[in-house]
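Below is one structure, written out as structure tokens; the observations come after it.
The values are calculated or read from the model by the stated rules, or taken from the named source; none is laboratory data. Keep in mind it's a predicted model, so treat the numbers as computed, not measured. FYI the Cβ positions are ideal-geometry reconstructions off the backbone, even for glycines, and counts take in every protein chain you see. Note: areas computed on protein heavy atoms with side chains; ligands, DNA, RNA excluded. Shrake-Rupley method; radii C 1.70, N 1.55, O 1.52, S 1.80 Å.
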Amino acid sequence: MIEIVVCDDNIEDLGHATDILNGIFENKSILCNIRAYLSVREMLSAVQKIDIGILDIAMKEYNGIEVGRKIREKFPNVKLIYITSFEEYCMRAINEAHAFSFLCKPLDRYKLQVQIKELLDNFSEPVVEKEFYKVTDSQKKEYPSMKFNLKDILYFEYIKRQRRASIVLTDKIYECECVFERLAEELKPYDFVVNCRGNLVNLMHVQRIKGHIVYLDNGKELVIAQKRVVEFRTQMNEFLQRNS
């Protein structure tokens, strides 16, 4: 799932940008999570992951270019698009905050769509999907099968008596039919590691480890079984070295 953040202290401009983005991604059938913020402070404290940032440059609370620098420090791979009423800021946005592009207000749907398409073409990360069967969502709606991008899955939690597992995403939880040992073996090449009996964690979403606790990038805390601590830390270190 692509995580998108929009920040603009003008509520009308914020709503307009969010509506356009929702329409673009719905038409492309691309799963995304769009978070809208009027406050820079709230955004910086709340957001745990950003793939695309849409920022107004001229905000009262902070200068948008400065915000872009702060975001890049925390999320080096973020793609930034600036929107502004002042064209003189545009080159600063590119030179100082390494913006992917800039657009002038009032925001034009077609121009934003073109920029989003170019931006998505620049995502080099391969999409690895896995199909799961007899899936139910949080509303108990049933699906014969569903495909998930493995990158979007934070962890699995086995429901032993039902021979099913919860598929935990950032903001949604599904359940699927599952043989846990087989699942753990199948996902080992994709950096999923067992942290305790019945839990399988995506190392991509591990923010830090302290003692026997794994802290995920959505704020969730999971326990590492005592006998697995050494192995889990070793696999985490190997993952970090491969991706450094």
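What the table below lists for this structure:
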read-out	value
Candidate lysines - alpha carbon under 19 Å from Lys117, same-chain residues fewer than 8 apart omitted	Lys28, Lys79
Coordinate range along principal axes, alpha carbons of segment 8-84, Å, largest first	33, 28, 20
Ordering of 146-153, 193-200 by burial proxy (mean other Cβ atoms within 10 Å per residue, highest first)	193-200, 146-153
3J(HN,Hα) from dihedral phi, segment 66-79, Karplus parametrisation 6.51/-1.76/1.60, rounded to Hz, x for glycine, proline	5, 4, x, 5, 4, 5, 5, 5, 8, 10, x, 9, 5, 9
Set Lys134/Lys160; Lys105/Lys172; Lys140/Lys188 screened for pairs whose C-alpha atoms are more than 24 Å apart	Lys105/Lys172; Lys140/Lys188
Distance histogram for segment 129-244 (every C-alpha pair counted, 5 angstrom bins, percent rounded to whole numbers)	2, 11, 23, 25, 20, 12, 5, 2, 0
Interchain or long-range residues, amide H under 5 Å from Ile224's placed H	Ile213, Val214
Relative contact order of segment 172-244, pairs being alpha-carbon contacts under 8 Å that are 6 or more residues apart, as %	22 percent
For the chain, built as a Gaussian network whose Cα springs stay under 10 Å, the top-fluctuating residue of Ile167, Ile30, Ile83	Ile30
Apportionment of accessible area to carbon and sulfur, the chain, percent (1.4 Å)	47 percent
From phi via Karplus (6.51, -1.76, 1.60), per-residue ³J(HN,Hα) for segment 183-191 in Hz, x at Gly/Pro	4, 4, 5, 5, 9, 4, x, 9, 6
Among [x] 0.97; [y] 1.01; [z] 1.12, the entry derived from the coordinates for Rg/Rh (Cα atoms, Kirkwood Rh)	[y]
The chain, relative contact order [Cα under 8 Å, separation at least 6], %	11 percent
Integer Hz, Karplus 6.51/-1.76/1.60 couplings in order for segment 147-155, x for Gly and Pro	9, 10, 6, 4, 4, 7, 8, 7, 6
